[in-house]
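Remarks on the structure that follows.
The values are calculated or read from the model by the stated rules, or taken from the named source; none is laboratory data. The structure displayed is predicted, hence computed values, not measured ones. Backbone-built Cβ (ideal geometry, glycine too); neighbour counts: all protein chains shown.
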Amino acid sequence: MSGVSVEDRGGARWITLDRPDCRNALDPDVLGALRAGVDGAVPAGARAIVIVGRSGAFCSGADLRYAIAQGPELIASVETHLAHFQDLVRAIVSSPLPTIAAVDGVAYGFGCDLALACDLRVATSRAYFQEGFVRIGLIPDGGGTWMLPHLIGLSKALELTLLGEKLDAASALHFGLVAKVVAPDELDAAVTAMADKLVNGPPLAIGHIKRLVRSGLSKSFDEAFRDEGRAQTECLRSQDCIEGITAFFQKRPAVFTGR
């Protein structure tokens, strides 16, 4: 049992972590199940991906019980574990589907980076984010040293990574790390509403927007401008564009198909 469940509902793929005994920590089985859930979303016809942690935690990072159990093979095991986690982060970032992290409680270490890898984050009032690697002589290795400065700025990113301190939900909202903070019992409803907007939106345009915004971080303005023009040309020629304009003038919701 990996402690991961996958459910396709309302056009969104919900990938749920529920390992209450370890606050949803990650071991190889969990990583494999998460990766399979992400990779299988497009073939299943999903238009968005939600990653959520249950039992009052999002994810507490690597499952140290598994690492310690490896004994003399600890270092080799951790290196393999790291490679699998980084592959998961890449899969989330590169997925053509928009991704949402539904964060309740702790998002620590790998768990923090898992949330950062998603395109959008909704947090409960008791959620917090912590890159606590430095406390055990390590560094963020799930992309945190790259993602945090882009998401919240260099100064705050250095503070959180060098000191290993918590960023609570209110502060995360202030710095723009999360889109919304809600009560714990309102999390599913808030995330469902956000996912519904993505699911009912134009898939072609949404996919291009995600790709262009993310890739633009490493491009010059001229390169990004050129790529925008190419993507817009494709969107203008799509059936979704015709449908969107028609629905606008007919004062009705558009029905987008991704074509």
When I152 is evaluated against the numbered criteria (1) of a type in the set (A, V, I, L, M); (2) more than 18 Å from the chain's Cα centre (by Cα); (3) surrounded by 14 or more Cβ atoms within 10 Å (Cβ to Cβ), which criterion, by number, is the only one it fails?
-> (2)
When you go through (1) within 28 Å of V213 (Cα to Cα); (2) surrounded by 16 or more Cβ atoms within 10 Å (Cβ to Cβ); (3) at pLDDT 95 or above one by one for F85, which number turns out not to apply?
-> (3)
Those residues of the stretch 1-18 which are in a loop (DSSP other than H, G, I, E, B), without any contact (Cβ under 8 Å) to a residue 40 or more places away in the chain and of a type outside the set (S, T, N, Q), in sequence order | M1, G3, D18
Within the stretch 115-127, residues being buried (at least 20 other Cβ atoms within 10 Å of the Cβ) and either touching a His at 6+ places or on another chain (Cβ under 8 Å) or assigned to a loop (DSSP other than H, G, I, E, B) (or both) number 3
What number of residues within the stretch 1-31 are at pLDDT below 95, within 22 Å of A83 (Cα to Cα) and of a type outside the set (A, V, I, L, M, F, W, C)?
-> 5
Which numbered condition I209 misses (of (1) outside any loop (DSSP other than H, G, I, E, B); (2) farther than 29 Å from G258 by Cβ) = (2)
Taking the stretch 92-114 and keeping residues touching a residue at least 60 places away in the same chain (Cβ under 8 Å) and assigned to a helix (DSSP H, G or I) leaves V93, F110, G111, L114
Lone qualifier among F256, F225 - being surrounded by fewer than 17 Cβ atoms within 10 Å (Cβ to Cβ) and among the aromatic types (F, W, Y) | F225
Which of the residues spanning the stretch 210-254 are closer than 23 Å to C118 by Cβ and without any contact (Cβ under 8 Å) to a residue 12 or more places away in the chain?
-> V213, G216, S218, K219
Does the stretch 249-259 hold any residues that are of a type in the set (A, V, I, L, M, F, W, C) and either in a loop (DSSP other than H, G, I, E, B) or under 31 Å from the mean Cα position of the chain (by Cα) (or both), and which are they?
-> A254, V255, F256
